[in-house]
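Inspection log for the structure reproduced underneath, given as structure tokens.
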Amino acid sequence: MIGNLRAVRAIYVFEMARAGRTLLQSLVSPVLSTSLYFVVFGAAIGSRITEIDGVPYGAFIVPGLIMLLLLTQSVANASFGIYFPRFTGTIYEILSAPVSYGEIVLGYVGAAATKSIILGLVVLATSALFVPLHVEHPVWMLAFLVLTAVTFSLLGFIIGIWADGFEKLQLVPLLVITPLTFLGGTFYSIGVLPPPWQTIALFNPVVYLISGFRWSFFGTADVHIGVSLAMTLLFLGLCLVTVAWMFRTGYRLKA
């Protein structure tokens, strides 16, 4: 139940203020690194591959780069946001306060998703300086942006509760999420892969996220938009169930 909106606002504002205090790390660094990806891959590969599915290569990689940033930043923001109170012990003050589990999740995940969405929109605006962009389905683009940010912020929240050290906060993003994103069609269409590898790529959940997001830009996708949306909602549901179980059982929260 979400009834104490003042508590949600307090958590949300605190987390957003932390991003403001570390603006260089929170905003400038991710945007700069993504812009470098765009320049390097667009220049190096774009000179050899002019178009993919009728879309200029420079524009084709923009949705993938935004999704790469969105996934990594959502996980990083949410995992650190909930882990730090556990590390300092202030999490017990929150758990003992008249704040429901849903309100705690809404505050932390909402702030992490908001920061990621802002970053995604900034990178989108920055990309428009390099290549001409036209978003064919802007409503769907925003829908996938929000759904992905919320879903992976929930995943980051789960990682932040699971981790028992700062090194584990980086374990899943570095060894799982980033490789899956690079192999999920960030810089290419899975249609260019040999048939056996196309089948293997469909077991990568990030493929569906990037494909659906790219469809909102250009109207072309590796996977049907309905399948992409269904997979995104399925992953969101799994994360919600996992978070609910963690709070119900007190997993690594009440030790």
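Values in this text are rule-based calculations from the coordinates and carry no lab data. None of these values were measured; they are calculated from a predicted model. Every residue, glycine among them, receives a Cβ derived from its backbone with ideal geometry; neighbour counts consider all protein chains shown.
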Amide H contacts of ILE52 (H built 1.01 Å from N, under 5 Å, at least 5 apart or other chain):
TYR57
Quickly work out the LEU174-to-ILE118 label distance, labels modelled 7 Å from Cα along the C-beta direction, and quote it in nm with one decimal.
2.7
Of ALA149, THR186, ALA7, which is farthest on the positive side of the dipole of the chain, counting Cα position, with +1 on Lys and Arg Cβ, -1 on Asp and Glu Cβ, and the Cα centre as origin?
ALA7
With θ set to phi - 60° and the Karplus curve 6.51 cos²θ - 1.76 cosθ + 1.60, what are the ³J(HN,Hα) couplings of the range 61-70 in order, to the nearest whole Hz, using x for Gly and Pro?
7, 4, x, x, 5, 5, 5, 4, 5, 4
Per residue, how big is the convex hull of the range 5-249 when only Cα atoms are used? Give it in Å³.
128
Determine the dipole magnitude for the chain: charges of +1 sit on the beta-carbon of Lys and Arg, -1 on that of Asp and Glu, nothing else is charged, the reference point is the Cα centre, and the result goes in debye to the nearest 20.
620
The range 77-189, relative contact order [Cα under 8 Å, separation at least 6], %
46
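In square nanometres and to one decimal, what's the mean projected area of the convex hull around the Cα atoms of the range 185-252? Intermediate results must be reported in sequence, preceding the final value.
Numbers: hull surface 23.6 nm².
For the range 185-252, averaging the hull's shadow over all directions gives 5.9 nm².
Counting pairs of alpha carbon atoms under 8 Å apart in space and at least six apart in sequence, what relative contact order in percent does the chain give?
Relative contact order comes out at 26 percent.
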Sequence of TRP215, TRP140, TRP197 once ranked by neighbouring C-beta atoms within 10 Å, starting from the fewest:
TRP197, TRP140, TRP215
